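Notes follow the structure.
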Amino acid sequence: MKGAIVKNTEGYKILNINFQDADLIGETFGTGDDKCNVAETIEQAQKLYMNWVTDYCYPHPKVGKIRVDYVDEPIDGINITWKDGDNQSGYFAGINQHHHDNIFLTYPLKYMTAKQLLTHELGHWFFNRLVEKLIHADRRICREDINSYETNFSEKVAHYCEIKIAGKRKKYTSHDEKLIENIENIQKEGVSVLKTIKKECMQQWEKQKEREDD
C-alpha cells in the first residue's frame, strides 16, 4: 500500500495518495480469480468505441499513465494529488484526472470486480479523448465546461463500457441506476448507445455556445 487510509468526519475510509507514488498497473489488474489482463481490456474498450463512433482515431493510454494502489481494505473514496500538484477528491474507487489523461485505480473493491473498475475508467478515458477533440479543447476550453459532463454524459458511457465488457455490478447507487436505465432505454430504441450519448453531449455544448453568443 502506497497511500494512507483515514476516516473522515462521516466515517468513510478515504485513501490519501500521491499519484507518482502509486505502482504502474503492470500486465494484470486484480488478484487471484478476480484478475484481468490490462492490454486485452484496453483493446476491448478501444474496439467498443471504434465500432460505434468512427470519427476519431482512438489512442491507447500511455505507459505510466495508469497507476494503482493495492490497499489493505476496500476504500470509500480517494483524495489524490496528481503529478502537477492538482488535488482531486471524491467517493470512488478509481478516477481519471481532470484536464489530463492519467488514470488511478485501487484494489480490492466493494461490489465490483477488477475488470469492471478498469473498463469503467477506460470508458471515461476514451470518451474524454473524443470529446476534447470535438470541442477543440485547449487551455481555455476543457470537457468539464460542458454542463453535466462528468455526472451524466461521461459517467453514462463509462457504465455502458463496463457493462458491455465486464457485466453488471452487485450494487449501484440510485444515481447510477438512473443512468443505466437511460442506457437500457436507448438500447430498446435500437440505436447506438455511444453515438446517442455523444450526440446528446455535443448538442448540450452547442446550446451553451449559442447562449454565450447571444
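Things to note:
- Some residue of the range 167-182 being hydrophobic (A, V, I, L, M, F, W, C), in contact (Cβ under 8 Å) with a residue 24 or more places away in the chain, more than 25 Å from Leu15 (Cβ to Cβ) and out of contact with any Cys (no Cβ under 6 Å at 6 or more places or on another chain): no
- Test for Met50: is it of a type in the set (A, V, I, L, M, F, W, C), within 27 Å of Glu144 (Cα to Cα), out of contact with any Ser or Thr (no Cβ under 8 Å at 6 or more places or on another chain) and not in a loop (DSSP other than H, G, I, E, B): yes
- Condition check for Tyr111: touching a Phe, Trp or Tyr at 6+ places or on another chain (Cβ under 9 Å), at positive phi and either β-branched (Val, Ile, Thr) or modelled with pLDDT under 95 (or both): yes
- Filtered residues of the range 2-29 (kept if small (Gly, Ala, Ser) and either free of Cβ contacts under 8 Å to residues at least 12 places away in the same chain or in contact with a Phe, Trp or Tyr (Cβ under 6 Å, 6 or more places away or on another chain) (or both)): Gly11
- Residue that is modelled with the highest pLDDT [pool: residues in the range 58-97 that are closer than 23 Å to Glu132 by Cα and of a type in the set (D, E, K, R)]: Arg67
- Out of Thr28, Thr54, Thr81, one residue alone is under 17 Å from Leu117 (Cα atoms) and of a type in the set (Ser, Thr, Tyr). It is Thr28.
- Filtered residues of the range 75-89 (kept if in a loop (DSSP other than H, G, I, E, B) and surrounded by fewer than 15 Cβ atoms within 10 Å (Cβ to Cβ)): Lys83, Asp84, Gly85, Asp86
- Screening the candidates Phe104, Phe153 for the property of being of a type in the set (Phe, Trp, Tyr), in contact (Cβ under 8 Å) with a residue 40 or more places away in the chain, under 30 Å from Glu73 (Cα atoms) and crowded, with 19+ Cβ neighbours inside 10 Å yields one hit, Phe104.
- Filtering the range 1-47 to residues that are under 23 Å from Val157 (Cβ atoms), of a type outside the set (Ser, Thr, Tyr) and not in a strand (DSSP E or B) leaves Ile25, Val38, Ala39, Glu40, Ile42, Glu43, Gln44, Ala45, Gln46, Lys47.
- Within the range 107-116, the set of residues being outside any loop (DSSP other than H, G, I, E, B) and in contact (Cβ under 8 Å) with a residue 60 or more places away in the chain comprises Tyr107, Ala114, Lys115.
- Residue in the range 159-166 that is exposed (fewer than 13 other Cβ atoms within 10 Å of the Cβ), more than 14 Å from the chain's Cα centre (by Cα) and of a type in the set (D, E, K, R) present: no
The values are calculated or read from the model by the stated rules, or taken from the named source; none is laboratory data. No experiment lies behind these values; they were computed from the predicted model shown. Ideal geometry is used to build each Cβ from the backbone, glycine not excepted, and the neighbour counts take in all protein chains shown.
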